[in-house]
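Chemist: The structure that follows is given in the form of structure tokens.
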Amino acid sequence: MAYSDKVLDHYENPRNVGTLDKNDPNVGTGMVGAPACGDVMKLMIKVNDSGIIEDAKFKTYGCGSAIASSSLVTEWLKGKTIDEAYAIKNSAIAEELALPPVKIHCSVLAEDAIKAAVADIKAKQLAKETA
Amino acid sequence: MTQGYFELFGLDSKFSIDLTTLESNFRKIQSESHPDRFVTANDAEKLKSMQLATLANEAYQTLKKPALRAEYLLKLQGIEAISETNTAMPMDFLMQQMEWREAIDDAKNANDIASLDALLAEMQQEGKVLNTALALFIDDHQDYEAATEATRKLIFIDKVSIDINKVIEQIEN
């Protein structure tokens, strides 16, 4: 199966690979896995006091499409509010990367990773408010 | 053709199966449906034997591998264990996956085959535990919810094993 140029670009030069300090109260972590293929993805976002995502890092163990999907979303996330981030749909990721139908689940994985990271940061903020 | 995979090989629809029976009954069907036996047969018979050979191959490949066998048994219960849109796995399991993946990366960078072998042995142990659990959940307790989670975990463990073997091969060459 041929990968699109955009997938290859992200696969060969992945953006924002790495981790952020998971103990930082402003960092949210999302971890998801795709049982269909055994891929795992970790996405971390750092949110400033105005609720804007300042930084995003990822680590993905999986196929080229999964790596490209997570690399792409780290680029998209920076500068967005967490609510805007939460609204990102897998179809937009799949369209941008021209993923074939068999690889759509990689974009689902990236969308779910964002949602999990946002949920984590919201839980941390809630804990801070009620502390 | 509505015959199930287990019936085809004369096996009970269970997770614990006798692999020797599976193997020998598969070989038997393979030789009985071999094209050489149907050279003088009419088209309908040829087609029928070809369909049987295809079904037997599909069934054998599925039942041979524990994760696929469990997935198939769950499918017979109307459960889609490996949904592409369900990415929720237990957090501690995913953390463990990440740790293993990072350990593989470290060993790869250090050309450390001993560590990779140790990781592979760990995966085999994990696989064994999940196999035992699946027999218990599916055959003894019909606990399909627990079986679904164990099946999904087994697919991840299999994937890690495949990747470790790939890295070992890369280093050895």
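The values are calculated or read from the model by the stated rules, or taken from the named source; none is laboratory data. Note that the structure is predicted; figures quoted are calculated from it, not measured. All Cβ positions, glycine included, derive from the backbone under ideal geometry; neighbour counts span all protein chains shown. Side chains are part of the model used for accessible areas, which takes the heavy atoms of the whole protein and leaves out ligands, DNA and RNA. Shrake-Rupley method; radii C 1.70, N 1.55, O 1.52, S 1.80 Å.
Chemist: I need the calculated FRET efficiency for the pair A:Glu129 and A:Glu75, taking r as the beta carbon distance and R₀ as 25 Å, to the nearest 0.05.
Modeler: For A:Glu129 and A:Glu75, the calculated efficiency is 0.25.
Chemist: Angle check, please: helix B:113-134 long axis (alpha carbons) against the longest principal axis of chain B (alpha carbons), in degrees 0 to 90, nearest 10.
Modeler: Once rounded, one gets 50 degrees.
Chemist: For chain A, list the DSSP H helices whose alpha carbon atoms reach 15 Å or more along the long axis and whose average Kyte-Doolittle value is -1.0 or above?
Modeler: Flagged H segments are A:64-77, A:104-130.
Chemist: I need to check one value: relative contact order of chain B, counting alpha carbon pairs closer than 8 Å and at least 6 residues apart, in percent.
Modeler: Worked out over chain B, it gives 23 percent.
Chemist: What size of dipole, in debye to the nearest 20, comes out for the protein assembly as shown about its Cα centre when the only charges are +1 on Lys and Arg C-beta atoms and -1 on Asp and Glu C-beta atoms?
Modeler: 320
Chemist: To the nearest 10 square angstrom, how much accessible area does B:Arg152 have with a 1.4 angstrom probe?
Modeler: 20
Chemist: Which of rounded, prolate or oblate describes chain A when judged by the alpha-carbon gyration tensor and an a/c cut-off of 1.5?
Modeler: Note, shape of chain A comes out prolate.
Chemist: Helix-only mean residue ellipticity at 222 nm, chain B, DSSP H runs n ≥ 4 weighted -39,500 (n - 2.57), per residue, nearest 500. What is it?
Modeler: Value at 222 nm, helices only, nearest 500: -23500 deg cm²/dmol.
Chemist: What Kirkwood hydrodynamic radius do you get for the protein assembly as shown when you take the inverse of the mean 1/r over all pairs of distinct Cα atoms, in Å?
Modeler: Averaging 1/r across every pair of different Cα atoms and inverting gives 21.8 Å.
Chemist: Once fully extended, how much extra length lies between B:Gln125 and B:Glu145, figured as 0.36 nm per residue of separation less the alpha-carbon to alpha-carbon distance?
Modeler: Here the answer is 5.0 nm.
Chemist: Between B:Asp12 and B:Asp112, 0.36 nm times their residue separation minus their Cα-Cα distance comes to what?
Modeler: Fully extending the segment from B:Asp12 to B:Asp112 adds 31.6 nm.
Chemist: Under the rule a/c < 1.5 gives rounded, and otherwise a/b versus b/c splits prolate from oblate, where does the range B:87-142 land using the Cα gyration tensor?
Modeler: oblate
Chemist: Here's a follow-up. Take peptide B:82-92, look around each residue's Cβ out to 10 angstrom, count Cβ atoms belonging to other protein chains, and average those counts.
Modeler: Across B:82-92, the average partner-chain Cβ count within 10 Å equals 6.
Chemist: Given a 10 angstrom Cα cut-off, can you work out which residue in A:Asp21, A:Asp120, A:Asp112 is the most mobile in a GNM of chain A?
Modeler: Fluctuation is largest for A:Asp21.
Chemist: Protein chains only, probe 1.4 Å: how do B:Thr148, B:Thr132, B:Thr40 rank by accessible area, largest first?
Modeler: Largest accessible area first, the residues go B:Thr40, B:Thr132, B:Thr148.
Chemist: Turning to a different aspect of this structure: Using only the alpha carbons of the range B:1-147, determine the length spanned along each of the three principal axes and report them from longest to shortest in whole angstroms.
Modeler: 61, 39, 30
Chemist: In nanometres, what is the gap between the two model label sites at A:Ala119 and B:Thr20, each 7 Å from Cα along Cα-to-Cβ?
Modeler: Rounded to a tenth, the inter-label distance reads 4.8 nm.
Chemist: Right, here's the next one. Which order, highest average first, do B:64-70, B:105-111 follow once you tally other Cβ atoms within 10 Å for each residue and take the mean per peptide?
Modeler: Final packing ranking: B:64-70, B:105-111.
Chemist: Sort the following peptides by mean Cβ neighbour count (other Cβ atoms within 10 Å, averaged over residues), highest first: B:44-57, A:59-72.
Modeler: Those peptides, ordered most packed to least, come out A:59-72, B:44-57.
Chemist: Give me a comma-separated list of calculated 3J(HN,Hα) values for the range B:160-173, in order, Karplus coefficients 6.51, -1.76, 1.60 applied at θ = phi - 60°, integers in Hz, x for any Gly or Pro.
Modeler: Here the 3J(HN,Hα) series is 4, 4, 4, 5, 5, 4, 4, 5, 4, 4, 4, 5, 5, 8 Hz.
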